[in-house]
1. Considering only residues that are buried (at least 20 other Cβ atoms within 10 Å of the Cβ) and more than 16 Å from L78 (Cα to Cα), which ones fall in segment 167-200?
2. Mind checking which pairs have a first residue in segment 164-189 that is on the phi > 0 side of the Ramachandran plot and a second that is among the basic types (K, R), Cβ under 8 Å, 6 or more apart or different chains?
3. Against the condition surrounded by fewer than 21 Cβ atoms within 10 Å (Cβ to Cβ), under 15 Å from K35 (Cα atoms), at pLDDT 95 or above and hydroxyl-bearing (S, T, Y), how does T61 come out, does it pass?
4. Out of (1) over 13 Å from V109 (Cβ atoms); (2) crowded, with 16+ Cβ neighbours inside 10 Å, what's the single condition that is false for K140?
5. Residues in segment 1-27 that are modelled with pLDDT of 90 or more, farther than 15 Å from T168 by Cα and in contact with a helix residue (DSSP H, G or I) (Cβ under 8 Å, 6 or more places away or on another chain): how many?
6. For segment 163-186, does any single residue satisfy the condition of being modelled with pLDDT under 95, touching a helix residue (DSSP H, G or I) at 6+ places or on another chain (Cβ under 8 Å) and among the small types (G, A, S)?
7. What is the residue count in segment 165-186 for residues that are farther than 12 Å from V106 by Cα and touching a strand residue (DSSP E or B) at 6+ places or on another chain (Cβ under 8 Å)?
8. Using the structure shown, decide if R41 is in contact with a helix residue (DSSP H, G or I) (Cβ under 7 Å, 6 or more places away or on another chain), modelled with pLDDT of 95 or more and in a strand (DSSP E or B).
Amino acid sequence: MSEKEGESGRGVTFGEGFEGYKFRIVLLGEAAVGKTALIRRYTENVFDEEYKQTIGTTFATNDEKVEDESGETRNVRLVLWDMGGQATYRELRRQFMNGAAGAVIVYDVTRPETFMAMNNWFESFREACPDADVAICANKIDLEEKRMVPVEPGVMLRDWFQAKYYETSAKSGKSVDTVFRNLAEMILTRTLEDKASLQM
């Protein structure tokens, strides 16, 4: 897939044998919160115990069949951009955020500092994409004994950001598919509503 195709945003795209809606989703959050692990669990159903730092940005794709509000099944391809969390990639991230249909913003429940950084990630995404859908992932919930950020602050964040909130584990797979599938449904609904309003 070319970079241009990955940036097709919220329209119908054709090619590569795929006919349907293609949406670009960016994963954001501090380094080592599990963004790459969430993508790999969702797209490949695998988990690597060993941490590997994401250099710059990488992407993966996964296709979903999503039922719209009229009951019609639509083909949706999610193009998932994995953004390195290091400060050195700030400008690169800003470029890739532009035109995204949605974001998954991730923190590690065992590291409170990653939770404290969530507002910065949210605001930087909102600057680039004021109307895009957002999902929050409280990740690594399998590490129960090491958990330092309870559920309640995550729920507060959900209300503050007006976003969906999920407790996830890339290791066990808990709620990972749900995050991306629900995001695909939300973006499709908004896209079809926008399309309908333009035709009125």
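The values are calculated or read from the model by the stated rules, or taken from the named source; none is laboratory data. Since the structure is predicted, the reported quantities are computational estimates derived from the model, not experimental observations. Ideal geometry is used to build each Cβ from the backbone, glycine not excepted, and the neighbour counts take in all protein chains shown.
1. T168, S169, A170
2. Matching pairs, first to second residue: G173/R41.
3. Numbers: surrounded by fewer than 21 Cβ atoms within 10 Å (Cβ to Cβ): yes; under 15 Å from K35 (Cα atoms): yes; at pLDDT 95 or above: yes; hydroxyl-bearing (S, T, Y): yes.
Against the criterion (surrounded by fewer than 21 Cβ atoms within 10 Å (Cβ to Cβ), under 15 Å from K35 (Cα atoms), at pLDDT 95 or above and hydroxyl-bearing (S, T, Y)), T61 qualifies.
4. K140 satisfies every listed condition except (1).
5. Result for segment 1-27: 6.
6. So the first thing to find is which residues in segment 163-186 are modelled with pLDDT under 95, and the list is none.
No, segment 163-186 has no match at all.
7. 10
8. Working: in contact with a helix residue (DSSP H, G or I) (Cβ under 7 Å, 6 or more places away or on another chain): yes; modelled with pLDDT of 95 or more: yes; in a strand (DSSP E or B): no.
No: the conditions fail for R41.
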